[in-house]
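Structure record follows, encoded as structure tokens.
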Amino acid sequence: MTIDSTSLLSAKFCNNAEKNIRSLKLNGHVGFDTLPDQIVAKSVSDGFTFNILCLGETGIGKSTLIDTLFNTKFDWHSTSHFEPKVRLNKTSYDLQESNVRLKLSLVESCGFGDQIDKEETHKILSDYLDHQFEAYLQEELKIKRNFAVLNDTRVHVCLYFLSPTGHTIKALDLLTMKKIDQKVNIIPIIAKADTIAKNELSKFKQKIIQDLIANQVKIYQFPIDDENVVELNASMNWWAALKWLK
């Protein structure tokens with residue numbers, strides 16, 4: 001029986017490779033069923049980003065509601081009713097609750113609806129939303145993309161504050177929502193609703209829903225995938241509103 005030099009070298013290499021193998025002790029189960037937990041852990045570690053656009057007239061209560069939602073006193077810019085055109089003020093904050101970190105960006109409208117000529121109002125808002133999409137698209141088109149450090153400024157939701165007139169939605173509000181409903185999730189909010197009697201508030205809600213349906217304005221539809229909140233969310237969606245009107 002003869003053994004060539006190649007076989008000897010191969011055997012020696014395998015022995016050395018086996019000695020250099022580093023064994024790892026598993027701390028838990030490994031499998032595809034652990035993927036959701038891994039995603040959640042990674043998301044919590046990286047933190048979350050949430051961008052809110054607050055639209056409404058000056059002094060309608062935008063800052064008060066946001067402060068209450070996040071239980072935080074934010075630094076809001078003072079505005080007046082004499083703005084030459086609509087401005088958007090953006091401020092970012094780093095919030096943390098327990099081990100969850102949130103980068104919150106608040107974009108507030110200033111001088112909304114205060115001008116005599118309101119034709120440019122919806123255009124300014126629409127252009128701003130388009131610019132955020134364009135900035136993200138340009139990053140995607142790069143050969144070397146770096147989403148890890150990209151500051152995603154796309155607006156996640158628009159809180160649209162409606163004046164509590166008790167009668168109907170203003171024409172400016174309908175036009176603005178119609179122009180941006182394809183670009184952002186709109187959630188209409190009746191501002192200062194506690195200043196209206198309950199029966200008047202109920203009628204006002206019905207009138208708002210009728211106006212939105214008649215003008216084919218699309219607003220945010222609450223998800224019904226989670227069985228824990230399916231009844232609550234479904235009651236706030238379009239089909240529930242249609243049943244309510246009947």
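Descriptive notes on the structure:
- The label point for Asn89 and the one for Leu174, both projected 7 Å from the Cα toward the Cβ, are 3.1 nm apart.
- Derived scalar couplings ³J(HN,Hα) [the range 109-116; Karplus, 6.51 cos²θ - 1.76 cosθ + 1.60; whole Hz; x for Gly, Pro]: 7, 10, x, 5, x, 8, 8, 5
- Listed cross-link partners Lys85/Lys218; Lys142/Lys178; Lys103/Lys179; Lys73/Lys192; Lys118/Lys183; Lys179/Lys207 are compared with a 22 Å cut-off, the Cα-Cα value being larger for Lys85/Lys218; Lys142/Lys178; Lys103/Lys179.
- Remark: the range 52-65, residue by residue, has Karplus-estimated 3J(HN,Hα) of 10, 9, 9, 10, x, 5, 5, x, 7, x, 5, 5, 5, 5 Hz, where x stands for each Gly or Pro and the curve is 6.51 cos²θ - 1.76 cosθ + 1.60 at θ = phi - 60°.
- Virtual spin-label span in nm between Gln210 and Asp37, 7 Å along Cα→Cβ: 5.5
- FRET efficiency estimate (nearest 0.05) - Cβ-Cβ, Val100 to Ile187, R0 30 angstrom: 0.85
- Fully extending the segment from Thr58 to Gln115, taken as 0.36 nm per residue of separation minus the present Cα-Cα distance, adds 19.4 nm.
- Modelled label positions at Asp75 and Asn199, each set 7 Å beyond Cα in the direction of Cβ, lie 4.9 nm from each other.
No value in this document is a laboratory result; all are computed from the given coordinates. These numbers come from a predicted model, not from an experiment. Cβ coordinates were reconstructed from backbone atoms using ideal geometry, including for glycine residues, and neighbour counts include every protein chain displayed.
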